[in-house]
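K.L.:
Sharing a structure, written as structure tokens. Questions coming.
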Amino acid sequence: MGARGLIAVILLAACGGGGGSARPAKPAADQPVTPAPPDPSITETGRRVVAEFEKAVLESEAAFAAMFDFAAVGEFEILLHRYDLNGRLSNLSEKVKEQFRFEDGTPYPAERERRNVTRFYKRFVQRTVGTGACTARVPRTKYGKLLGQPYEPLPAGTPPDYETLRTHVNEWVGNGGAVALTCTGGRGSLVVVYTARDNPRGYDIVTIYDD
């Protein structure tokens with residue numbers, strides 16, 4: 001997941017050299033949160049994703065990591081970099097822009113994303129979940145909302161491998177969605193993108209960002 005502003009800029013810092021994946025789009029407010037009442041627009045699956053995410057985070061870093069498809073995270077992150085470069089993020093440094101221009105659509109390796117995502121567990125995931133009592137809601141930030149929407153075609157001249165990534169991500173989003181969470185026992189908020197999968201859980205998380 002990414003290096004952008006970071007999980008978008010929290011997945012803003014997000015990226016950069018050593019790279020990241022799911023980074024935050026901007027650092028979330030480090031203040032206690034009182035979640036709003038349950039949002040009727042959140043699907044049953046979205047509420048279940050949040051409940052199981054909370055349980056996994058409280059259990060262990062390993063349980064948290066087991067919720068992800070890290071190969072998918074690596075594809076998603078590289079695709080997001082191209083949209084960030086094309087203007088989705090306006091505050092990219094010249095160094096980060098140059099890094100993104102150099103990318104050719106080759107996904108980040110799954111093991112790289114596993115390392116990055118597990119680093120986020122201690123940096124901001126535990127902070128957000130805290131002691132629990134999490135509520136599912138729609139993403140708050142513009143970046144967070146866009147994560148779960150269809151990805152429009154990229155401009156002419158974009159390296160062709162990005163179209164494969166865009167096709168995959170649109171399939172994942174179309175078979176899942178983005179859901180945010182805030183927790184009375186924690187601080188800040190997160191948004192996760194999940195997709196239906198033929199596994200015992202019924203889905204995998206394919207990216208995560210600060211909201």
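Coordinate-derived values only; no laboratory data. Everything numeric in this text was worked out from a predicted model, so none of it was measured. In this analysis, Cβ positions are derived from the backbone assuming ideal geometry, glycine residues included, and neighbour counts consider all displayed protein chains.
K.L.:
May I have the extent of the alpha carbons of segment 44-210 along their three principal axes, as whole Å values ordered from largest to smallest?
P.N.:
Taking max minus min along each principal axis of the Cα atoms, segment 44-210 gives 47, 35, 28 Å.
K.L.:
Label points 7 Å out from Cα along the Cβ direction at residue 45 and residue 66: separation in nm?
P.N.:
Each label point is offset 7 Å from its Cα along the Cβ direction, giving 2.2 nm.
K.L.:
For every other residue with a beta carbon closer than 13 angstrom to the beta carbon of residue 198, add +1 if it is Lys or Arg and -1 if Asp or Glu, then tell me the sum. Please report the intermediate quantities before stating the final value.
P.N.:
Values: positive: 197, 201; negative: 69, 204.
It works out to a net charge of 0.
K.L.:
Compute the distance in nm between two label points, each set 7 Å from the Cα along the Cα-to-Cβ direction, one at residue 115 and one at residue 90.
P.N.:
Result: 3.5 nm between the two label points.
K.L.:
Between residue 198 and residue 59, 0.36 nm times their residue separation minus their Cα-Cα distance comes to what?
P.N.:
Working: separation 139, 0.36 × 139 = 50.04 nm, distance 2.36 nm.
That pair, residue 198 and residue 59, stretches by 47.7 nm at full extension.
K.L.:
Distance from the Cα centre of segment 66-109 to that of segment 122-158, in angstrom?
P.N.:
Segment 66-109 and segment 122-158 have Cα centres separated by 15 Å.
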